[in-house]
1. Tell me, in nm to one decimal, what length is gained between residue 472 and residue 119 on full extension, where the rule is 0.36 nm per residue of separation less the Cα-Cα distance?
2. By how many degrees, 0 to 90 and rounded to 10, does the Cα axis of helix 12-24 deviate from the longest principal axis of the chain?
3. Ranking 319, 289 by Cβ neighbours within 10 Å, fewest first, what do you get?
4. What is the fewest-to-most order of 547, 520, 531 by other Cβ atoms lying within 10 Å of their Cβ?
5. I want to check the label-to-label distance for residue 439 and residue 497. Put each point 7 Å from Cα in the C-beta direction and report it in nm to one decimal.
6. Please compute the Cα-Cα pair-distance distribution of the stretch 307-556 with 5 Å bins starting at 0, giving whole percents from short to long.
7. How big is the gap, in Å, between the Cα center of the stretch 387-413 and the Cα center of the stretch 513-553?
8. For helix 377-390, report the angle its Cα long axis makes with the longest principal axis of the Cα atoms of the chain; keep it between 0 and 90° and round to the nearest 10°.
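Only the coordinates and a few stated rules stand behind these numbers; no lab work does. Bear in mind that the values here come from a model prediction, so they are computed numbers and not experimental data. All Cβ positions, glycine included, derive from the backbone under ideal geometry; neighbour counts span all protein chains shown.
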Ligand SMILES: [Fe+2]
Ligand SMILES: [Fe+2]
C-alpha cells in the first residue's frame, strides 16, 4: 500500500492551510495570514484530513461529526496548548495523520520519530515553559540567537496545567511543541510526560524509561542522572530541560534559581551529546556553551572557561583514549587546549592500586602483581606525579583535591608491615621516616601524599596546588575543594548530605555524573576499575566544566569524544 497521501485529492488551499497550521498551531493565526475566516480554516483542515484518509483507502467518518471534533489533536498539537474541545475523531495511526511524512525532513520536533543525520550533526535546543509564568526575556533572546548561530532547531515544551504560555512579543508560542520525540533511540524528548512544575526531583521514578541513550524531560528543575544499568546497555542519561520561564513563586531552592535549556547534538555515527545551557534567573540571561558565550542576543566565539573538574583520574587505570582526548589531542585539539580553563581540578589522582587496602587480604591479587612485576608503590606514585607534571598548562593552574585514594598512602604506612613486602620495603621506610618527621614537627599527617608526590616528581611539581583538607577553593562561586568521600564531622559523604549544605559545589568520588540542586558530581576516567567489575554499573566517563557565570555542564565521553 502506498502510505504517502495522494496530493491530487488535497486542494492547494487545504494544503496551504494545513502547512501553516502545523507550523503555527493556531487556527486564528492561519485565518489572519491567509485572509480566511476561522470557520473556513477549520473546514479546510477537516477536509484535508478526510482526503488523506481517502487516499489511504479509508472511509472518513461523517463530515458533521469530524467538524465537531478537535482538529488540533489530529495534527500532533495538544488540546491543552490551544484550549480546544475534546476530539470526536482521534487519529491513532501516524501514517494517516497526514503531517508526519512531510515534516520529518524539515523539523525533527514535528517528526516525532527521526533518524540521525546522514552526515555531520543535527542540533536541537529544548527548553520548557511553565503556563502562566513570566518569560525570562534576556535568556530567551539569547537562546534564539544561539540557535540561529549554531543552526539548531529550537523547541519549547509546556509544563504545568492548562493555561496560557506567556508570549507578548517574544514569539515563544511559535516554538511550542508537544508529545514524545524520538531520535532513532539515541535521544528521546519526553514531551508526553506531565509533571508538576514545582517537583524538586522530576527524574525520580523514571528509571524504566530507558529506550534511548539520552532522555530529556521537559521540566524547570535542573537535574541530571546517570542511570544504573547493565554494562552492555551503554550510556543511559536522564536530564531535565530547564525552563525559559521564571518560577511563579520564588523560593530558596537552588534547583529553581536558574533558567535553562538543553542543547542536543546527534551525529551521523549514532552518538549524541547533551549539555545544559544555564543562566541565573536573577541575571541578564547570559550563558556559555563550550567556547561560545551568548550575551545580549549576540554570540561570541573563542571564549575560554573558568574550570574543568576532571572525572576521578585513578592514574594507574587511566583510559588512554580519555587521556588523549582530554590532555594530549591528536587530529583535533585536546579538550583542555580547546577550552583553555583557568583551573584544572583533579580528584583521586593516584589510585594506589599497587597496595590498595581493598586487596590486602587477596593472595591472588598479590600473586598476579608478583608475576607481572607490579605492586610497586614508588613506581605508581612517580607515574602519577609525572602525569600531574605532564598535564600542566601555562594558561591553567592545576589543583589537586584531597581524595580517599590519595589518603590510601597514609593508611598503608599505618597498617602495612615492610617486612612482609620486599618490593616496597625501602620506599615504605623512606615514606615512614618522612611521616614521622612531619609528626615530630607538628605538621599534619595527611600532607604526606603531597610531600611524596613532589619528592618523586622531576621538578617538585611547581605550579601544582595541593589543597589542604580544611581548605576551600571556589571558582565562580562554586566550591571545588570537596572530593565527596567525607561529609561533615567525619560522616561518609552522600548526595543527600551534600545537597543539604545548600551550596554550589562540584564533587568527584561517585564516578557517576549527577546534577541535583547546586551539587554536581563529575564522572571517572575509566569505567572498568578492577574493584568495580561486574555486569552492572552506574559510572560514566565525564568531566564538569565551570563557566564565569557559575553555570556548569557535564561533558560526557561518548563515541570517543566529549562533544
Ligand atoms: Fe574517591
Ligand atoms: Fe574515585
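1. 122.5 nm
2. The two axes meet at around 30 degrees.
3. With the sparsest Cβ surroundings first, the list reads 319, 289.
4. 531, 520, 547
5. 2.6 nm
6. 1, 6, 13, 18, 19, 17, 13, 8, 4, 1, 0
7. Using only Cα atoms, the two centres lie 18 Å from each other.
8. Approximately 50 degrees, to the nearest 10.
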